[in-house]
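The values are calculated or read from the model by the stated rules, or taken from the named source; none is laboratory data. All values reported here derive from a predicted model rather than from experimental measurement. Here Cβ is always computed from backbone atoms with ideal geometry, including for glycine, and neighbour counts include all displayed protein chains.
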Amino acid sequence: MNLPPRGPDQARIGVAIAIPAPYAGQLQEARSRVGDPLADAIPPHITVIGPTVVDQSVLPAVAEHLEKVAAETAPFRVHLRGTATFRPVSPVVFVALVEGIAECELVEQLARSGVLAQELRFSYHPHVTVAHEVSEDALDEAFAAMSDFEAVFDVTELWQYEHGDDGVWRPQRSFPLTAAAAPSA
């Protein structure tokens, strides 16, 4: 995983949508089965803001920013189904979103502003990684094994994660989505 370096008075954070049980366990197990070295270090999630280094003194402003983003975002449904890959650009196999893509894109745009404004290496594409940093054969195995995976759940909060010195990403704080849903047509 390509992580930005951090200094002693900095934190490496990320913002994500956590995958709920029982799906999180199934996705983590799938990642473990193919020998992904990050299976136990990264909880199953949909990235909103990837690994970002901020000064510790900026963390209160980050929390305030994410509170505002969450207050402007209504809960929404995510439907995961089947597998896809970023190969040959990146050696990643993932479970795809078939519902909730536009909502994830909107949350990402809102979050990647203000104190968290940054340029992206790749265009934002919401997904749930199930294999990364493994052999081509293991990528193929993950692609086939998870091809019939399906999960539907409501997204009601965003999570701020912090990357520990031990290499594990841990949830630090949730931000409930509290905006009213748009009326259906």
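On the stretch given as region 69-79, residues that are assigned to a strand (DSSP E or B) and of a type in the set (D, E, K, R) total 1.
Considering only residues that are surrounded by 18 or more Cβ atoms within 10 Å (Cβ to Cβ), farther than 13 Å from Phe153 by Cβ and either under 14 Å from the mean Cα position of the chain (by Cα) or among the polar types (S, T, N, Q) (or both), which ones fall in region 1-18? Scanning region 1-18 gives Ile13, Gly14, Val15, Ala16. Can you spot a residue in region 62-73 that is polar (S, T, N, Q), in contact with a helix residue (DSSP H, G or I) (Cβ under 6 Å, 6 or more places away or on another chain) and buried (at least 18 other Cβ atoms within 10 Å of the Cβ)? Yes, that holds for at least one residue.
For residues in region 136-182 being modelled with pLDDT under 95, exposed (fewer than 13 other Cβ atoms within 10 Å of the Cβ) and of a type outside the set (A, V, I, L, M), which is farthest from Ala111 (Cα to Cα)? For region 136-182, the residue satisfying everything is Asp166. Out of everything in region 83-100 that is out of contact with any Leu (no Cβ under 8 Å at 6 or more places or on another chain) and not in a strand (DSSP E or B), what residue ends up being nearest to Ala145 (Cα to Cα)? Here the residue is Phe86. Is it the case that some residue within region 124-133 is charged (D, E, K, R), modelled with pLDDT of 95 or more, over 13 Å from the mean Cα position of the chain (by Cα) and surrounded by 13 or more Cβ atoms within 10 Å (Cβ to Cβ)? Within region 124-133, not a single residue is charged (D, E, K, R), modelled with pLDDT of 95 or more, over 13 Å from the mean Cα position of the chain (by Cα) and surrounded by 13 or more Cβ atoms within 10 Å (Cβ to Cβ).
Scanning region 121-137 for residues that are touching a helix residue (DSSP H, G or I) at 6+ places or on another chain (Cβ under 9 Å) and of a type in the set (A, V, I, L, M, F, W, C) returns Val128, Val130, Ala131, Val134. Does Leu59 satisfy the criteria of being surrounded by 15 or more Cβ atoms within 10 Å (Cβ to Cβ), of a type in the set (A, V, I, L, M, F, W, C) and either touching a residue at least 60 places away in the same chain (Cβ under 8 Å) or more than 25 Å from Glu162 (Cα to Cα) (or both)? When the stated conditions are applied, Leu59 does not pass them.
Listed here are the residues, each with its yes/no results for (1) over 30 Å from Leu59 (Cβ atoms); (2) outside any helix (DSSP H, G or I); (3) acidic (Asp, Glu).
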residue	(1), (2), (3)
Arg81	yes, yes, no
Ala102	no, no, no
Glu119	no, yes, yes
His125	no, yes, no
Ala142	yes, no, no
Pro171	no, yes, no
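Checking each residue in region 27-37 for being surrounded by fewer than 17 Cβ atoms within 10 Å (Cβ to Cβ) and touching a residue at least 24 places away in the same chain (Cβ under 8 Å) picks out Arg33, Gly35, Pro37. What do you reckon, is Ala21 out of contact with any Phe, Trp or Tyr (no Cβ under 9 Å at 6 or more places or on another chain), surrounded by 15 or more Cβ atoms within 10 Å (Cβ to Cβ), of a type in the set (A, V, I, L, M, F, W, C) and part of a loop (DSSP other than H, G, I, E, B)? When the stated conditions are applied, Ala21 does not pass them.
In region 62-84, the residues that are over 19 Å from His125 (Cβ atoms) and of a type in the set (A, V, I, L, M, F, W, C) form Cβ pairs under 7 Å with partners that are part of a helix (DSSP H, G or I) and modelled with pLDDT of 95 or more, at six or more places apart or across chains, as follows: Val62/Val115; Val62/Leu116; Leu66/Ala111; Val69/Val107; Val69/Leu110; Val69/Ala111.
Just the residues that are under 21 Å from Gly164 (Cα atoms), small (Gly, Ala, Ser) and in contact with a helix residue (DSSP H, G or I) (Cβ under 9 Å, 6 or more places away or on another chain), please, taken from region 19-40. Listed by number, the list holds a single entry, Ala39.
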